[in-house]
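Asks: The structure's right below; bear with me while I get my questions together.
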Amino acid sequence: MEINLNISNVPESKILSISKLTDYIKLHLESDKNLINIWVRGEISNCTLHSSGHLYFTLKDETSQISCAMFRSNFSSLKFEPKQGMKILVLSSIGVYKLRGNYQLIVSEMHPDGLGILHQKFLQLKEKLEKEGLFSQEHKKVIPKFPKTIGIITSPTGAVIRDLIINLTRRFPNINIKIAPTLVQGADAASSIVKSVELFNKIGGIDVIILGRGGGSLEDLWCFNEEIVARAIFKSKIPTISAVGHETDFTIADFVADCRAPTPSTAAEIAVPDKNALLREIEHLRERLLQKTKRTVEFKKQRLMSLLDRPIFKRPLDFINQYLQQIDDLMSNSCKATQNFLKLKRKDLEILTVKLNTINPNAVLKRGYSITLKKGRIIKNASDVKIDEIIEIMFQKGEIKSQVKEVKNG
Amino acid sequence: MVDKKSFEENLNELGESVKSIERGELPLKETIEKFEEGLKLSKLCVEELENAKQRIEKLTQKNGKIICEPFEVKE
């Protein structure tokens, strides 16, 4: 009864529900920075791939174990099959699964373990060469657009050389290909690659080198992470395209190469142009050339025609006729003016004639007066003559000579 | 020997000819000249693409000598 009494003393607010407790644990575990994005090493046990595509397994070491889940989106990009007993490295964060009240590792990346040392070497060499500038953009040689000869460095057998030749030839059927049979795996591979790069540089006439190899583990691809290979590629005068491993595998050779292709067929695409596309382009340019020239000539012709259409070219005599007409006009005008002038003058003459008639001495004589002259000069005063002088007297008809008898001065 | 221009140079020049005619500012005489030059270039380009013969060869070194031999693609 005492116990019951104690319990009844606990205030209701101090009692937690399972959900609240779990939420609290979840919040704390999932926000702890030491439990987010952590690398964990362990051995796989109880591995189940659920039909949903999620992978559930347990990671353990000698003394402990932890539940793990890798969701489909991350699992699908995995390049190996996780199996019971396999030692792996995972990148993961702690998550709490509320329904079952357990904590587990939510895995985002999974790698087979045991490559730690190689990976370390890779990172060290990468850093060293990067510092030296072997990867820097300014050292990248330009891949020529229209190479005549491609040098291939790879194994003379297998899918890579076949893919490369088929794709190069399909894009550009007359491309020349020179193959340097090369070891691309194993202890002698690195020096074999170096020899091939040097060989192509020595013989000359190679426009682009493709360095190729199929996919494989980090160990398989290791020769492409060797320093001598990196330096040989860097020293090469010929632009190099690397096509090593799968799309997601990067090797040191990829960083040093002037261009990295994710697959051999992509390398072929980068190395040579598509001949048919080029022929189409040339045809298209030719067509434009033809059309535009035709249009230009047509346009100029049209301008010429429109100029020739002007009246001056169409009826050139119009121009002269106009002047002729003007001359005619002027002529007739001047004729009229002359006639008018003459008319006017004639009238003047008539008036003068009338005037003249009025002062004509004959007219005076007609009226019965007579004119007295002395030695042909008209006598106006009696004093002009002296007694006995001879004077002539003119009449309308005839004249007489007489002698002065008497002079009376008036 | 006349300095032969590369395919790339010829193709570029062809493009330039087309562009300069398309601008439509050239006198007739030069238009015709560019046109003729363009036709010649397009012919050169096509010839270059068609004429080359493909060779696939394998290089091997023996005693410091480089040996060149035809390479067969195995299906």
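Coordinate-derived values only; no laboratory data. Computed from a predicted structure; not experimentally measured. Don't worry about glycine lacking a Cβ; one is built from the backbone with ideal geometry, like all the others, and counts go over all protein chains shown.
Asks: Of A:I36, A:V142, A:S236, whose Cα points farthest to the positive end of the dipole of chain A (charges on the beta-carbon: +1 Lys, Arg; -1 Asp, Glu; origin at the Cα centre)?
Replies: A:V142
Asks: Which order do peptides A:307-315, A:178-186, B:16-24, A:40-48 fall in by mean Cβ count within 10 Å, highest first? Display every interim value, and only then the final one.
Replies: Details: A:307-315: 9.2, A:178-186: 20.1, B:16-24: 17.0, A:40-48: 15.2.
Highest-to-lowest ranking by the protection proxy: A:178-186, B:16-24, A:40-48, A:307-315.
Asks: Once you average over the residues of A:270-281, how many Cβ atoms of partner chains fall within 10 Å of each Cβ?
Replies: The per-residue average across the peptide is 2.
Asks: So who's got an amide H within less than 5 Å of the one on A:S155, skipping anything under 5 residues away but keeping other chains? H placed 1.01 Å off N, in plane.
Replies: A:T182
Asks: Sticking with this one: With charges set only on the Cβ (+1 for Lys and Arg, -1 for Asp and Glu), what does the dipole of the protein assembly as shown come to about its Cα centre, in debye to the nearest 20?
Replies: The calculated dipole for the protein assembly as shown is roughly 4520 debye.
Asks: Lysines within cross-link reach of A:K386: Cα-Cα under 16 Å, excluding same-chain residues under 8 positions apart?
Replies: Correct list for A:K386: A:K374, A:K375, A:K401, A:K405, A:K408.
Asks: Between A:V407 and A:E287, what is the spin-label point distance in nm, taking each point 7 Å from the Cα along the Cα→C-beta axis?
Replies: My value for the distance between the label points is 13.5 nm.
Asks: If the cut-off is a Cα-Cα distance under 13 Å, which aspartates and glutamates reach A:K140, setting aside same-chain residues fewer than 8 apart in sequence?
Replies: The reachable aspartates and glutamates, counting only those whose Cα sits under 13 Å from A:K140, are A:D254, A:D258.
Asks: Which one of A:T358, A:I66, A:N321 is farthest out on the positive end of the charge dipole of chain A, using unit charges on Cβ (Lys, Arg +1; Asp, Glu -1) and the Cα centre as origin?
Replies: A:T358
Asks: Given a cut-off of under 8 Å on Cα pairs at least six residues apart, what relative contact order in percent is computed for chain A?
Replies: Relative CO of chain A lands at 9 percent.
Asks: Report the net charge of residues surrounding A:K294, where surrounding means a beta-carbon distance below 14 angstrom and charges are Lys +1, Arg +1, Asp -1, Glu -1.
Replies: Once positives and negatives cancel, what remains is +3.
Asks: For n ≥ 4 DSSP H runs only, could you compute -39500 (n - 2.57) per run for chain A, divide by its residues and tell me the 222 nm figure to the nearest 500?
Replies: Theoretical 222 nm ellipticity from helices: -14000 deg cm²/dmol.
Asks: For chain A, max minus min Cα coordinate along each principal axis, in Å, sorted largest first?
Replies: Each principal axis gives a Cα extent; for chain A these are 211, 88, 42 Å.
Asks: So which of A:K87/A:K128; A:K202/B:K62; A:K79/A:K131; A:K178/A:K237 end up more than 20 Å apart by C-alpha? Please report the intermediate quantities before stating the final value.
Replies: Details: A:K87/A:K128 30 Å; A:K202/B:K62 15 Å; A:K79/A:K131 31 Å; A:K178/A:K237 16 Å.
The answer is A:K87/A:K128; A:K79/A:K131.
Asks: For peptide B:48-60, compute the average count of partner chain beta-carbon atoms within 10 Å of each residue's beta-carbon.
Replies: Mean number of neighbouring Cβ atoms from other chains: 6.
Asks: Quote the FRET efficiency, to the nearest 0.05, computed for A:A337 versus A:I393 with a Förster distance R0 of 56 Å and r equal to the Cβ-Cβ distance.
Replies: FRET efficiency, A:A337 to A:I393: 0.60.
Asks: Taking chain A as a Gaussian network, Cα atoms linked when under 10 Å apart, which of A:V364, A:V297, A:V272 shows the biggest mean-square fluctuation?
Replies: A:V364
Asks: How crowded by other chains is A:176-183, given as the mean number of beta carbons from other chains within 10 Å of each beta carbon?
Replies: Neighbouring Cβ atoms belonging to other protein chains average 4 per residue here.
Asks: While we're looking at this one, here's another question. Mind giving me the FRET efficiency for A:L125 and A:D274? R0 is 35 Å, r the Cβ-Cβ distance, nearest 0.05 is fine.
Replies: On the way: r = 37 Å, r/R0 = 1.05.
Efficiency at R0 = 35 Å is approximately 0.40.
Asks: While we're here: Before anything else, pin down the relative contact order of region A:22-151: Cα pairs under 8 Å, at least 6 apart, normalised by residue count, whole percent. Could you put the intermediate results ahead of the total?
Replies: Details: 190 pairs, mean separation 29.3, N = 130.
With pairs under 8 Å counted, the relative contact order is 23 percent.
Asks: For A:N357 and A:N321, compute 0.36 nm times the residue count separating them, minus their Cα-Cα distance, and round to one decimal in nm.
Replies: 7.6 nm is the gain from fully extending A:N357 to A:N321.
Asks: I've got another one for you. With an 8 Å Cα cut-off and a minimum separation of 6 or more residues, compute the relative contact order for region A:281-410 in percent.
Replies: Numbers: 80 pairs, mean separation 16.8, N = 130.
It rounds to 13 percent for region A:281-410.
Asks: Follow-up. Under the classification rounded if a/c is under 1.5, otherwise prolate if a/b is larger than b/c and oblate if not, where does region A:137-273 fall, given a ≥ b ≥ c as square roots of the Cα gyration tensor eigenvalues?
Replies: rounded
Asks: What is the magnitude of the charge dipole of region A:14-113 about its Cα centre, with +1 placed on the Cβ of each Lys and Arg, -1 on the Cβ of each Asp and Glu, and no other charges, expressed in debye to the nearest 20?
Replies: 320
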